[in-house]
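Comments concern the structure below.
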Amino acid sequence: MRQDVRDPFTAALERARQEAYPPGEYVGQESFLSAGEIRRLADHARIGPGLAVLDVCCGVAGPGRLITAERGCRYLGVDSSPSALRIARELAGDLPCRFEQGSVPPLPDEGFDVVLLLETMLAFPDRPAVLAEAARVLGPGGRFACTLEEGRPLTPDERAAMPDADTVWLVELGEVTAMLRNAGLTVVWQEDWTAAHAGTATALLGSFRAHEADIGNRVGARAVDELIAAHELWVDWLGSGRVRKLAMVAEKR
Ligand SMILES: C[S@@+](CC[C@H](N)C(=O)[O-])C[C@H]1O[C@@H](n2cnc3c(N)ncnc32)[C@H](O)[C@@H]1O
C-alpha cells in the first residue's frame, strides 16, 4: 500500500508520531521537521500577516496549518493526494486555508509572496521544472523556502533497499544552487539540520517499532515492514552523513 492512500495511514501512525516528537513539536507533519524548525523556516522566509503562501506538496498540511494559525497568512496547499487533502481540509477547520488537488508541476496560476516545499524535494526527478514554476508564481522579492535531501544519487543497491525508491531522488548542493540560480532564485539563508533529522528519524523508527503490531493491523504487514525499512535507511543515511538535510531560503531577484 502506498502512502497516497492517506486515510488508514494517517490514523494508524498518529499515536506513534505523537510519541516520537518532544512535547509540542508534533503538529501533524508527515516528515522529520519539528514545529520549531517549521517556525524557523517561516521566520527566514519572512511569513507574516496577509502574505500569500503556497505550500507545494502540503500533504495533510500540519506545517501549513501551524504557519497559517500563527502568522495570519493567506494559505494555499497543493498536493496530488485527494485523501491527504480531505484530511487537511477537515483539520484546518476555520483557518483561512485553501487546498487544491493537482500533480506538480505545474503550480496554480496565482501570485505568491512565499512558496514552501517541505520534505518533498526528493520526490521530483525533474527539479528544474519545479523550481522554474516556483519562480514563475513568486513576485519580485518573493521567497522560496525548502528543505533539501542532499547527497549523491542513490546507487542501484541503495535503490533496491529503499521502498518506493521512485520517490527518492537525492541531489548535490552545488547542483541545486545552480538550478535555483538558473530559475532566478538566489540563496539568502541555509542551515544544516542533518543531526536533528537523524534524531527525529531514530525516534520515529523506535515509535513505529513499538507500535508495529497495531500499525500492521490497520495498514497491513507489508506496509508496516516498508515503513520500518525506510526509516532504518534514513537513520543510517542521515546518521552517517550519506544524506544531509538542509533548510534553505532563496529570493527572487
Ligand atoms: C512527505 S509528504 C510531506 C508533506 C508535508 N510537506 C509535510 O512536511 O508534512 C510528501 C507529499 O508530497 C505529495 N507529492 C509528492 N509528489 C507530488 C507531486 N508531483 N505533485 C503533488 N504532490 C506530490 C504527496 O502526496 C505527499 O502528500
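The values are calculated or read from the model by the stated rules, or taken from the named source; none is laboratory data. Since the model is a prediction, treat every value here as computed from it, not as a measurement. A quick note on method: Cβ atoms are made from the backbone with ideal geometry, for glycine too, and the neighbour counts reach across all protein chains shown.
Does residue 64 satisfy the criteria of being within 27 Å of residue 139 (Cα to Cα), touching a Gly at 6+ places or on another chain (Cβ under 8 Å) and surrounded by fewer than 16 Cβ atoms within 10 Å (Cβ to Cβ)? Please lay out each step first, then the result.
Working: within 27 Å of residue 139 (Cα to Cα): yes; touching a Gly at 6+ places or on another chain (Cβ under 8 Å): yes; surrounded by fewer than 16 Cβ atoms within 10 Å (Cβ to Cβ): no.
Against the criterion (within 27 Å of residue 139 (Cα to Cα), touching a Gly at 6+ places or on another chain (Cβ under 8 Å) and surrounded by fewer than 16 Cβ atoms within 10 Å (Cβ to Cβ)), residue 64 does not qualify.
Checking the condition more than 13 Å from the ligand (Cβ to nearest atom) and touching a Phe, Trp or Tyr at 6+ places or on another chain (Cβ under 9 Å), which residue from 173, 185 passes?
Details: 173 fails: touching a Phe, Trp or Tyr at 6+ places or on another chain (Cβ under 9 Å).
The match here is 185.
Starting from residues that are assigned to a strand (DSSP E or B) and away from the ligand (no atom under 13 Å from the Cβ), keep the ones in the range 87-140 and report whichever is farthest from residue 56 (Cα to Cα).
Our first condition is that a residue be assigned to a strand (DSSP E or B); within the range 87-140, this holds for 97-101, 112-117, 138-140.
Among the residues that remain, those that are also away from the ligand (no atom under 13 Å from the Cβ) are: 97-98, 112-114, 138-140.
Numbers: 97: 13, 98: 12, 112: 12, 113: 13, 114: 11, 138: 13, 139: 16, 140: 19 Å.
My answer is 140.
In the range 180-199, which residues are over 16 Å from residue 139 (Cα atoms), in a helix (DSSP H, G or I) and under 19 Å from the mean Cα position of the chain (by Cα)?
Residues satisfying the conditions are 194, 195, 196, 197, 198, 199.
Does residue 31 count as within 11 Å of the ligand (Cβ to nearest atom) and in a loop (DSSP other than H, G, I, E, B)? Step through it out loud before you land on a result.
Numbers: within 11 Å of the ligand (Cβ to nearest atom): yes; in a loop (DSSP other than H, G, I, E, B): yes.
Yes.
State whether one or more residues within the range 207-215 are within 18 Å of residue 17 (Cβ to Cβ) and either part of a loop (DSSP other than H, G, I, E, B) or at pLDDT below 95 (or both). Steps first, answer last, please.
Step one: of the range 207-215, the residues within 18 Å of residue 17 (Cβ to Cβ) are 207-215.
Keeping just the survivors that are either part of a loop (DSSP other than H, G, I, E, B) or at pLDDT below 95 (or both) gives 211.
Yes, some residue in the range 207-215 is within 18 Å of residue 17 (Cβ to Cβ) and either part of a loop (DSSP other than H, G, I, E, B) or at pLDDT below 95 (or both).
So the check is Cβ under 8 Å with 6+ separation or different chains; which pairs have a first residue in the range 47-71 that's in contact (Cβ under 8 Å) with a residue 12 or more places away in the chain and a second one that's more than 15 Å from the ligand (Cβ to nearest atom) and among the small types (Gly, Ala, Ser)?
From the range 47-71, the pairs are 48/72; 49/72; 50/72; 52/111; 71/48.
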